[in-house]
Amino acid sequence: MKNMNTELTAEWLLSNDDYLILCHRYPDGDTIGSAFALCRALIALGKNAAVICSDLIPSKYAYIYDNLNLPVFKEKNIIAVDVADPKLLGMLEEEYGGKVDLCIDHHGSNLKYAKRLLLDPKAAATGEIIYRLIPAMGVSIDKKMAEALFTAIVTDTGCFRYGNTTPETMRIGAELMSMGVDHEAINREMFDTKSRERMAVEQAVLSTLDYWCGGKCAVMYLTDEMIQKTNANEGDLEGLAPMPKRIEGVKIGITLRQGDEGYKVSVRTNPGIDACQICKKFGGGGHTAASGCFIKGTLSSVKEDLHIAISEVLGE
Ligand SMILES: [Mn+2]
């Protein structure tokens, strides 16, 4: 594994071609926005580039990938963006997990699985790293790239609210706005507009809310059956994870989502508790305030495993 900086990465991208860019599963605004901004920049250079993801990209992100004519080519170089662990490639792991030529990421927990790694754990979003990379390749950021990068940054910072937001994040946001990004429309689409299916999911998921450790931990879950009943699509299920930690007195918020033979666990914490430490116990990772892991078992066994781990962390 070779550690890269922006200049070295730009040089490598300029001297190669035929890039396949991979997003992480359960794609969010950062992985999608970063991937398409980079893809558009490479195409602007006359390179072949395309983006793939193991899961469907939610339609609310359509403005990020519309009007993009992807060339037909055989990939020679694999790039993963915002992917800390090859497991997060989902169904693409088997084919590409061991073949990633370049990983661009901001997760301190990155497993350093790629041949080259451009990592900045201080960046609030991978989109910040791509924002610096595109001009280093000699490409000027156009409006579509700016919209994609703005989306990457607002989604990973909760619209510049979370602790990962730095003065640099705000400066980049301001620069992107001056490039013509319609911040109001993007923020409305990302944070305000909710489908009826989404409202039904929130209603269902909130009805499962449970409190542990004297109310310092709030837990809720989402099963396949609930998803079916509410007729929700992948886009309707995004952004549920921060909900439990918003409750007064809660230090740790946990959201469980049913998966194959177990549950995907999203942990969100308020200052003073390291979510990454909790998830590492179960083979996962992420950031201090937002991390994830996968635990095998039934709903009740997964809850029990978590309850024990959380009680230890909270010293109860
Ligand atoms: Mn990210």
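Scan region 280-301 residue by residue and report those that are loosely packed, with under 15 Cβ neighbours inside 10 Å and in a strand (DSSP E or B).
Applying the first criterion (loosely packed, with under 15 Cβ neighbours inside 10 Å) to region 280-301 yields 283, 296-301.
Answer for region 280-301, where residues must be loosely packed, with under 15 Cβ neighbours inside 10 Å and in a strand (DSSP E or B): just Lys296.
Of the residues Thr169, Thr126, Thr155, Thr193, which single one is modelled with pLDDT under 95 and of a type in the set (Val, Ile, Thr)? Before the answer, list the steps.
Details: Thr169 fails: modelled with pLDDT under 95; Thr126 fails: modelled with pLDDT under 95; Thr155 fails: modelled with pLDDT under 95.
Going through Thr169, Thr126, Thr155, Thr193 in turn, just one is modelled with pLDDT under 95 and of a type in the set (Val, Ile, Thr): Thr193.
Being free of Cβ contacts under 8 Å to residues at least 60 places away in the same chain, in contact with a Gly (Cβ under 6 Å, 6 or more places away or on another chain) and within 12 Å of the ligand (Cβ to nearest atom) is the filter here; which residues of region 117-152 pass it?
Correct list: Pro121 only.
Output the number of residues of region 217-237 satisfying the condition of being touching a strand residue (DSSP E or B) at 6+ places or on another chain (Cβ under 9 Å), in contact (Cβ under 8 Å) with a residue 60 or more places away in the chain and small (Gly, Ala, Ser).
Residues that pass the stated criteria total 0.
Taking only region 154-191 into account, find how many residues are farther than 16 Å from Ile64 by Cα and in a loop (DSSP other than H, G, I, E, B).
Count: 9.
How many of the residues in region 5-39 are closer than 14 Å to Ala123 by Cβ and either among the polar types (S, T, N, Q) or outside the structural domain of Cys159 (by TED's automatic domain parsing) (or both)?
Of the residues in that region, 5 qualify.
How many residues, within region 88-116, are away from the ligand (no atom under 16 Å from the Cβ), within 17 Å of the chain's Cα centre (by Cα) and aliphatic (A, V, I, L, M)?
2
I need the full set of residues from region 215-245 which are modelled with pLDDT of 95 or more and either in contact with a His (Cβ under 9 Å, 6 or more places away or on another chain) or part of a helix (DSSP H, G or I) (or both), in order please.
Selection gives Gly215, Cys217, Val219, Asp224, Glu225, Met226, Ile227, Gln228, Lys229, Thr230, Pro244, Lys245.
Being surrounded by 14 or more Cβ atoms within 10 Å (Cβ to Cβ) and either within 21 Å of the chain's Cα centre (by Cα) or outside the structural domain of Leu38 (by TED's automatic domain parsing) (or both): is that true of Leu119 here?
Yes: the conditions hold for Leu119.
Every residue in region 2-50 that is of a type in the set (Asp, Glu) and away from the ligand (no atom under 16 Å from the Cβ), please.
Scanning region 2-50 gives Glu7, Glu11, Asp17, Asp18.
The values are calculated or read from the model by the stated rules, or taken from the named source; none is laboratory data. In this text, all values refer to a predicted model and were calculated from it rather than measured experimentally. Counting neighbours? That spans all protein chains shown, and the Cβs are built from the backbone with ideal geometry, glycine included.
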